[in-house]
Amino acid sequence: MIAKAEGKFLRVSPSKARIVADLVRGKDVTYAQGILLHLNQRSKEYMIKILKSAVANAKVKGISADRLYISKIVCDVGPMWKRFKAAAFGRASSIVKRTVHIKIELDLKEDAPR
């Protein structure tokens, strides 16, 4: 692991974030950014922001973005917001608003010279 970044308490469902994470896992950073720019998912905005942060962390260590790939991306379940909605006959039905913690780790490509 060369660099990492994470976003916590993001307002998107973990299952929907995992779908986007599976698309970019193991890809080069520049290629992954291209994939994320053309998606129509809400979680892509969070992923782009976290990926840019991880690349900036790698640049502090003196490593350029073209030598990096996404070695690990994890979407863990965060706390849930519990709300209630009025239902028929004076009852209440529950609403669960899910959150996610996204962690991205970058590493050097195998063929990249040091």
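Where a number appears in this text, it was derived from the coordinates with a stated rule and is not lab data. A quick note: this is a predicted structure, and the numbers were derived from the prediction, not measured. For neighbour counting, all protein chains shown are included, and Cβ atoms are generated from backbone atoms with ideal geometry for every residue, glycine included.
So how much slack lies between residue 72 and residue 39, counting 0.36 nm per residue of separation and subtracting their Cα-Cα distance, in nm?
Full-extension gain reported as 9.9 nm.
Using r as the Cβ-Cβ distance of residue 80 and residue 1, and R0 as 30 Å, what FRET efficiency do you calculate, to the nearest 0.05? E(calc), rounded to 0.05, equals 0.55.
Taking the number of Cβ atoms within 10 Å of each Cβ as an exposure proxy, the fewest-first ranking of 85, 59 is 85, 59.
For the chain, what does -39500 (n - 2.57) per DSSP helix run (n ≥ 4), summed and divided by total residues, give at 222 nm, in deg cm²/dmol to the nearest 500?
Helix-only estimate at 222 nm: -10500 deg cm²/dmol.
About its Cα centre, the chain has a charge dipole of approximately 700 debye under the convention of +1 per Lys or Arg Cβ and -1 per Asp or Glu Cβ, with nothing else charged. Listed by Cβ neighbour count within 10 Å, with the fewest neighbours leading, 97, 27 appear as 97, 27.
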